[in-house]
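Undergrad: A single structure is presented below for examination.
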Amino acid sequence: MSEGTVYILTNASMPDYIKIGFTQADDVNQRLRQLDNTSTALPFEIFYAARVPDCRRLEKTLHLVFGEQRARLNREFFTANPDLAKAIIQLVEITETTPSDAEQAITPEQRQVIEEEKAKRAQPLTFDRLGLEVGTVLAFAKDSAQTCTVAGPRTVSFRGQEMSLSQSALIVLREMGYEWSTVRGSDYWTHDGVKLTAMAAAE
């Protein structure tokens, strides 16, 4: 058992990714300072942090749960819903330790830019926004033989039916043995080998 803090970090300049990690230091802001460099346009924020009985084990569990949504094998970044990760942490937490804006050294000016960026990214993902025209063929990330075709601003034609990206992705995943009830379709459909989630993040 190694008591410590498990945290979820977000960054408005990388809106589709979260970072899940742990620290045994008393001050989780120390990790933020290590990540605050010129490679990111905006500072990282601690979305949620909590003291837990076994931080190493919980971090490994979260990485396993969201493994299919990992950006790269050697990185702790995931295209996952931060609220889902938070809910798992809350099941075992001793106490929440999420710092305030002031404790995270986020200035009012930075907060304004962050909120503006979040508002912009909150707009619905459409194929028009990604520059994909009706008729564009998309391939499934886990099996490129599975394809669908852009049918409208937010729908695709899949096996003769018009539906959402998420619906079509869920059909394929269930056929592959996954028992998930919901998924984000843009995490699984690709154009020219690039996931739509990554295309949106690169706008």
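The values are calculated or read from the model by the stated rules, or taken from the named source; none is laboratory data. A quick note: this is a predicted structure, and the numbers were derived from the prediction, not measured. Here Cβ is always computed from backbone atoms with ideal geometry, including for glycine, and neighbour counts include all displayed protein chains.
Undergrad: Select, from A50, A80, the only residue that is closer than 30 Å to L196 by Cα and either surrounded by 18 or more Cβ atoms within 10 Å (Cβ to Cβ) or hydroxyl-bearing (S, T, Y) (or both).
TA: That would be A80, the only listed residue that is closer than 30 Å to L196 by Cα and either surrounded by 18 or more Cβ atoms within 10 Å (Cβ to Cβ) or hydroxyl-bearing (S, T, Y) (or both).
Undergrad: For the range 125-147, does any single residue satisfy the condition of being touching a residue at least 60 places away in the same chain (Cβ under 8 Å), assigned to a helix (DSSP H, G or I) and farther than 27 Å from F66 by Cβ?
TA: Within the range 125-147, not a single residue is touching a residue at least 60 places away in the same chain (Cβ under 8 Å), assigned to a helix (DSSP H, G or I) and farther than 27 Å from F66 by Cβ.
Undergrad: Here's another thing I want to ask about it. Restricting attention to the range 92-102, which residues are farther than 15 Å from A50 by Cα and surrounded by 13 or more Cβ atoms within 10 Å (Cβ to Cβ)?
TA: Result: D101, single match.
Undergrad: Scan (1) closer than 15 Å to V134 by Cα; (2) not in a strand (DSSP E or B) for the single condition E162 breaks and write down its number.
TA: Going through the list (1) closer than 15 Å to V134 by Cα; (2) not in a strand (DSSP E or B), E162 breaks only (2).
Undergrad: Can we say R174 is among the basic types (K, R), assigned to a helix (DSSP H, G or I) and farther than 23 Å from L84 by Cβ?
TA: When the stated conditions are applied, R174 does not pass them.
Undergrad: In addition: Which residue, of L165, L170, is surrounded by 14 or more Cβ atoms within 10 Å (Cβ to Cβ), touching a Leu at 6+ places or on another chain (Cβ under 9 Å), at pLDDT below 95 and not polar (S, T, N, Q)?
TA: L165
Undergrad: Related question: Could you tell me which of the residues K142, K120 is at pLDDT below 80 and either within 20 Å of the chain's Cα centre (by Cα) or not assigned by TED's automatic domain parsing to the domain that holds N11 (or both)?
TA: Only one candidate passes the filter, namely K120.
Undergrad: Of everything in the range 173-203 that's surrounded by fewer than 17 Cβ atoms within 10 Å (Cβ to Cβ) and among the polar types (S, T, N, Q), which residue is nearest to D16 (Cα to Cα)?
TA: T182
Undergrad: Which pairs turn up if I take residues in the range 1-19 that are over 10 Å from E45 (Cβ atoms) and look for partners that are among the acidic types (D, E) with beta carbon separation below 8 Å, at least 6 apart in sequence or on another chain?
TA: Pairs that qualify, where the first residue is over 10 Å from E45 (Cβ atoms) and the partner is among the acidic types (D, E), are M1/D54; S2/D54; E3/D54; V6/E59; S13/E117; P15/E117; K19/E76.
Undergrad: Hey, another quick one. Scan the range 13-42 residue by residue and report those that are at pLDDT below 80, within 19 Å of A71 (Cβ to Cβ) and not β-branched (V, I, T).
TA: Residues satisfying the conditions are S13, M14, P15, D16, R31, Q34, L35, N37, S39, A41, L42.
Undergrad: All but one of (1) buried (at least 16 other Cβ atoms within 10 Å of the Cβ); (2) over 26 Å from V6 (Cα atoms); (3) of a type in the set (K, R) hold for R159; which doesn't?
TA: R159 satisfies every listed condition except (1).
Undergrad: Would you be able to tell me the number of residues in the range 170-191 that are touching a helix residue (DSSP H, G or I) at 6+ places or on another chain (Cβ under 9 Å) and over 18 Å from V65 (Cβ atoms)?
TA: 5
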